[in-house]
Amino acid sequence: MAYWHPLLPTAIQEFEGLQRKHETATTECKKLEEERDEAIKKLDEFQQVTQRVIEEVSAIQENLEIERTCRESAEALASKVH
């Protein structure tokens, strides 16, 4: 007949409780990893859109500067003609 230590049932209960906590923590960790991955994906998308906006604003500023220079030149020529 095998000898059972009196603390064995308590140890088994503690072990099972720790297993449940581990499973809960693992599930939560996986959920947080998925949320992190989704946030990283959205951040990447925002960065791409931001880059496109910056490029478009830069192009608009360049066009504005060209138009301003042309207008100033035209005004200078017009003042010389009159």
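The values are calculated or read from the model by the stated rules, or taken from the named source; none is laboratory data. Not measured: the values here are computed from a predicted model. Heads up, the Cβs are rebuilt from the backbone with ideal geometry, glycines too, and the neighbour counts pull from every protein chain shown. The accessibility values were calculated without ligands, DNA or RNA, using every heavy atom of the protein model including side chains. Shrake-Rupley method; radii C 1.70, N 1.55, O 1.52, S 1.80 Å.
Bridging of Lys80 to aspartates and glutamates at a Cα separation below 13 Å is possible for Glu72, once same-chain residues fewer than 8 apart are set aside. Using the Cβ-Cβ distance between Glu14 and Asp44 with R0 = 35 Å, the FRET efficiency computed as 1/(1 + (r/R0)^6) comes to roughly 0.20. Surface composition of the chain: carbon and sulfur make up 60 percent of the accessible area, probe 1.4 Å.
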